[in-house]
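This report refers to the structure that appears directly beneath it.
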Amino acid sequence: MKIRHSTKIFALSLTGLMMVSGCSSEDSRVEESQSSTSAAELMPRLVDEATDKDQLPDGFEASGTYVVDSLRHLASSGYGEHFVAEGEAGELCLLTVAAPKEQGDYPEIASSTCPPVQHVLDNGILLEVTGGESSFDVVSYLLPPDISEQSATEAIRELVPDNHSDLRPPIEIISADSAVLLVMTSQTSQQLGEFQLPRANGDSLTLRPIR
């Protein structure tokens with residue numbers, strides 16, 4: 001199988017959607033200016049020394065929306081490889097390279113999004129990767145920092161009681177670098193529909209499918 005170069009793929013999917021309605025560029029600038037937290041403070045992984053693991057798979061090229069040298073591998077899931085980076089304007093970027101469905105095949109598609117740090121603090125990041133001929137359609141939720149792995153796990157257990165009975169559970173809950181990542185297929189996201197996760201202040205975060 002030939003690998004699709006991410007310069008082409010990213011051009012199609014750089015507008016990865018966020019958890020709430022999208023911000024205009026002006027709104028994003030205002031939102032960013034209101035945050036006193038930097039991307040590195042929110043995601044300390046960004047300041048770790050780079051290793052070979054922090055490189056995109058062969059055949060993929062970095063997007064122009066983030067600082068290339070800041071790219072760091074965050075986590076692996078059964079549905080893909082997940083990276084973080086710092087945006088050109090200080091945003092926090094999430095990147096996912098979708099896993100092939102068949103073992104031994106090569107990754108062929110990826111997507112990224114770079115919301116302002118304040119948006120991540122308030123809402124987290126939602127990213128979908130679709131369009132691969134033989135890859136999973138993947139939805140990745142990077143949760144805001146006030147939602148713990150335990151509270152996310154308890155909420156998901158109520159939604160999907162047998163979630164962790166499979167080697168590749170419908171919803172993977174990954175804790176990495178003080179961040180919690182939910183990863184699933186687009187089909188699972190649609191089946192779940194809208195659901196809520198409890199926040200530390202007693203409020204709830206509502207997560208919705210992209211489509």
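Taking a ≥ b ≥ c as the square roots of the Cα gyration tensor eigenvalues, region 27-140 comes out prolate, since a/c reaches at least 1.5 and a/b is larger than b/c. Residues in region 67-74 carry Karplus couplings, in order, of 6, 4, 5, 8, 4, 9, 6, 9 Hz; the curve used is 6.51 cos²θ - 1.76 cosθ + 1.60 with θ = phi - 60°, and Gly or Pro positions show x. Note on Gln191 and Ser178: the model spin-label points, each 7 Å out from Cα along the C-beta direction, lie 3.5 nm apart. Across region 94-103, rounded Karplus estimates of 3J(HN,Hα) from the backbone phi angles (6.51 cos²θ - 1.76 cosθ + 1.60, θ = phi - 60°) give 10, 10, 10, 9, 5, 7, x, 6, 9, 4 Hz, Gly and Pro being marked x.
No value in this document is a laboratory result; all are computed from the given coordinates. Every value quoted in this text rests on a predicted model; they were computed, and no experiment measured them. Glycine also receives a Cβ, built like all others from the backbone with ideal geometry; neighbour counts cover every protein chain displayed.
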